[in-house]
Amino acid sequence: MATTDLSAYDPESVPSSGDMKFGIVVSDWNKEITWALLEGAIITLKKHGTSEENILVRHVPGSFELTLGAQLIAEYEDTDGVICLGCLIKGETPHFEYICQGVTNGITELNIKYNIPFVFGVLTTLTIEQARERAGGVHGNKGDEAAVTAIKMAALRRSMKK
Ligand code: RBF
């Protein structure tokens, strides 16, 4: 069971995102899950003030492609942050571990390379049921949480800007 359910966050603690622009890169692998994460992220960004035209959504085939998808958004679009959404479900071969490691390292490197937040909204679960529980189920929607993180980190960055 998850120890923290950030979907139950205090909305007052989230800065307004009215003047912010975000990219969302979403993997279409396990799209039953990832599109629910996408919906949650968009609803949450809007709830905190981001307008529809300031939310740029791009799709990639699988979670492994999230890193390049996010980098392309950072290179070609002027955004305050990029939310990366995916769902990796453990199979019978070690493939899961390699893709998890690849996308985790990739997104970490993007955070260091560019001066904007790249949020890790990738579910890594043992079963599809565990993924459903985190994509609008009993453990909330991790897409919502990714959006809140993006807003908070973008606000932090802005507070540092001269
Ligand atoms: N991508 C995901 O986002 N989630 C998965 O659970 C997933 N499982 C995969 C299992 C195998 C055996 C393979 C070959 C690919 C899988 N992928 C998955 C796709 C991967 O992220 C990537 O799109 C492809 O490997 C092409 O680079």
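Based solely on its DSSP helices, what 222 nm [θ] is calculated for the chain when runs of n ≥ 4 H residues each add -39,500 (n - 2.57) and the sum is averaged over all residues, nearest 500 deg cm²/dmol?
-14500 deg cm²/dmol
Helix 142-160 versus the longest principal axis of the chain: what is the Cα-based angle in degrees, 0 to 90, to the nearest 10?
40
Name the residue from 72, 15, 37 whose Cα lies farthest towards the positive end of the charge dipole of the chain, charges +1 on Cβ of Lys and Arg and -1 on Cβ of Asp and Glu.
15
How high is the relative contact order of segment 10-162? Use alpha-carbon pairs under 8 Å, at least six apart in sequence, and give a whole percent.
Relative contact order comes out at 30 percent.
Under Stokes-Einstein, with the Kirkwood radius over Cα pairs standing in for Rh, what whole-number D in µm²/s applies to the chain at 10 °C and 1.306 mPa s?
Using the Kirkwood radius from Cα pairs, D works out to 102 µm²/s.
Please report 124, 34 as a ranked list, fewest other C-beta atoms within 10 angstrom at the top and most at the bottom.
124, 34
For helix 66-76, what angle does its Cα long axis make with the longest principal axis of the chain, in degrees from 0 to 90 and rounded to 10?
The two axes meet at around 20 degrees.
So, with +1 on the Cβ of K and R and -1 on the Cβ of D and E, and no other charges, what is the size of the charge dipole of the chain about its Cα centre, to the nearest 20 debye?
In total the dipole reaches around 400 debye.
For helix 95-113, what angle does its Cα long axis make with the longest principal axis of the chain, in degrees from 0 to 90 and rounded to 10?
On a 0 to 90 degree scale, this one is about 10.
In µm²/s, what is D for segment 10-92 at 4 °C and 1.567 mPa s, where D = kT/(6 pi eta Rh) by Stokes-Einstein and Rh is the Kirkwood radius from Cα pairs?
97
Among 50, 24, 60, whose Cα projects farthest towards the positive end of the dipole of segment 20-65, with charges put on the beta-carbon of Lys, Arg (+1) and Asp, Glu (-1)?
Farthest towards the positive end: 50.
Read the figures in this text as sums done on the coordinates, not as results from a lab. A quick note: this is a predicted structure, and the numbers were derived from the prediction, not measured. Cβ atoms come from the backbone with ideal geometry, glycine included; neighbour counts cover every protein chain shown.
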